[in-house]
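Note sheet for the following structure.
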Amino acid sequence: MMVVNPRQFELHSPTSVAEASSLLTSLDDAKILAGGQSLVPMMKLRLVSPANLVDIGRIPGLSYVKRSKDRLLIGSMTTHDDVAESPVIRKGCITLSEAASQVGDRQVRNRGTIGGTICHADPAADIPAVLLALDAEFKVVGQDSERVIRSRDFFQDLFTTSLRNGEILTEVVVPVLPPRTGGAYLKLHRAKGDLATVGVAAAITLSKSGVCADARLGLAGVGLTPLRASKAEKALKGRNPTDALISEAGEQAAAMSRPSSDIMGTAEYKREMVKVYVKRAIQECLGLAK
Amino acid sequence: MKQVSLTVNGQKLTGGAEPRTLLSHFIREELGLTGTHIGCIVGRCGACSVILDGKVVKSCMVFAQQVEGSELLTIEGLAKGAELHPIQEAFWEHHGLQCGYCTPGMILTTYDLLKDNPHPTEAEIREGISGNLCMCTGYVNIVKSVEAAAEKMSRTRRKKAIPSRSRRSR
C-alpha cells in the first residue's frame, strides 16, 4: 500500500523574507515550501519528511517580472504559467518562455514556481538548464546577508545547490538575449507531465554576415546537474552554421553528456537523443535569429 | 489542528486541518464536497483538480492550511441549480466520460483552458488536459466535448453581447 499522507510536521507561514530566514535558521530540519509541486508529492511518498515547513507563499512581493535595461528580473515565487505568459520575457528571452510553457502540465505550471524548481535542482527539470545556458544569476537573502550566486556556481550535485542554511532565493536575473538571437527549448519526454528524458535549451546569435556570433546550449536530464555544452558552443562560435557544423555541435554535446540508464531510456539512447535534439534546437534558433 | 476559512463556490466555509492535511482531503472530508475525486496520490492524474483563486490546480499537491482566505471553485459550484454549465452539457452530449471518475477534474481543467483560450485547436486541447488522465481512455470523446463546450460558450457570449448592445441603444 502506497502512503498517501506525509508524516506529521509543523507548518510556518512567515510574512517577510527576514522572518522566513530566521525560522529556517532556528528550526530543526526545516525546508522551504514554495509552490510544492515537487516537495508535496515527495513528502506523500515519504521520500522526504522534514519536521518543519516554512511556507514562503504568504510573503508579499516575491512574484513579479520586470525588465531593467538589458536584464529581466523575476521574483522567485513567480509561477511557471506567469513566466510562460509574460510578454516581457517572451520578448527578452524566448528560450525561457518556451521552457516555462513546457514544465509539467497546466496545473503544475499554475502552482509551481521558478524559484522552487531552481532550488529543488532536479537535473531533469527544464528551467535550470535554461538558466545555466544563459548565465542567469540568483539573488539570495540570508539572515544578515545578501549575495548573488551565478548559475554556473549554483548547481553542485544531484538535488544539491550552493545555498547555505537560512538562505532564500528571492530573485532570478536573466540577461536579455541580444538582437539577431533565436532561442528554443526542446524536450523529449515519454508523456506530457514527465520530466525531461533529454532537454535542450539553446540560444544562437548571428552576426550581420550570418556567422554564429554566440551560442548557448544547456542540457537537462543527462547528468547529475544541468549541463552546459561548452565545447559545442565553442565549435559554433565564429563559424558559418552549416549542416555539418550543426551536426558537429550535436556530437560534441552528446560526448560531454553523462546520462544514466533508467526507466526513461538507456544511457546510449539518451546520448543519441542529445545529438538529435541539439541539432533540432540549433536549427530552430537559426530560423528565428534571421 | 487549525481552523481554515475560505470561500467555496461563493459560500464562506470553515473546517479543521492539520498541517499535513491535503486540500483534496479537506474538501471531501471537512467540507463534505465529494465531487472532487482522489485518484493517483502523487499528483499525476488530475482527478482532484479544482479552481483555486482563479486557476486550476491539483488539490492533492496543496496543503489545506495554505488556502486560508482563498477562493475555491469545485465541480459542485459549476452548475446554476438544475442548469448545467455549458462544459457539463457538452460532456453529457458528447459522451465525454465512461466511468466518470476523472470527469470533475477534466471539466474544471477545461474551464481553466477555455478561460485562457476560448477557441483552442485540437492540439491545444490535448496539451491543455494533459494533466488529467482518463483510465477508460475516452480521450477522443473528451476532446470532442471540449470542442463542443468552446463552441457553446462562444455562442452564449455572442447572445449575451446582443442584449447588452440593445440596452446601450436605449
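The values are calculated or read from the model by the stated rules, or taken from the named source; none is laboratory data. Values in this document were obtained by computation on a predicted structure and should not be read as measured data. Ideal geometry is used to build each Cβ from the backbone, glycine not excepted, and the neighbour counts take in all protein chains shown.
For this structure, a couple of remarks:
- Here residue B:63 meets the list (1) more than 26 Å from residue B:130 (Cβ to Cβ); (2) touching a residue at least 12 places away in the same chain (Cβ under 8 Å); (3) not basic (Lys, Arg) almost entirely, failing just condition (1).
- Failed condition for residue A:87, given (1) away from chain B (no Cβ under 14 Å); (2) out of contact with any strand residue (DSSP E or B) (no Cβ under 7 Å at 6 or more places or on another chain); (3) within 16 Å of residue A:126 (Cα to Cα); (4) not β-branched (Val, Ile, Thr): (3)
- Filter pass, residue B:90 being farther than 30 Å from residue B:26 by Cβ and outside the structural domain of residue B:11 (by TED's automatic domain parsing): no
- Candidates in segment A:177-197 are the residues that are assigned to a loop (DSSP other than H, G, I, E, B) and within 14 Å of chain B (Cβ to nearest Cβ); of these, the one that is nearest to residue A:280 (Cα to Cα) is A:189.
- Check on residue A:143, free of Cβ contacts under 8 Å to residues at least 40 places away in the same chain, more than 26 Å from residue A:257 (Cβ to Cβ), more than 14 Å from the chain's Cα centre (by Cα) and not in a strand (DSSP E or B): no
- Residue A:97 crowded, with 18+ Cβ neighbours inside 10 Å, touching a Leu at 6+ places or on another chain (Cβ under 6 Å) and away from chain B (no Cβ under 11 Å): no
- Of all the criteria given as (1) part of a loop (DSSP other than H, G, I, E, B); (2) in contact with a Lys or Arg (Cβ under 8 Å, 6 or more places away or on another chain); (3) in contact (Cβ under 8 Å) with a residue 60 or more places away in the chain, the one not satisfied by residue A:200 is (1).
- The residues listed here are B:7, B:74, B:109; of these, the one that is within 16 Å of residue B:132 (Cα to Cα), modelled with pLDDT of 95 or more and more than 10 Å from chain A (Cβ to nearest Cβ) is B:74.
- Segment B:41-53, residues that are facing chain A (nearest Cβ under 9 Å) and in contact (Cβ under 8 Å) with a residue 40 or more places away in the chain: B:44, B:46, B:49
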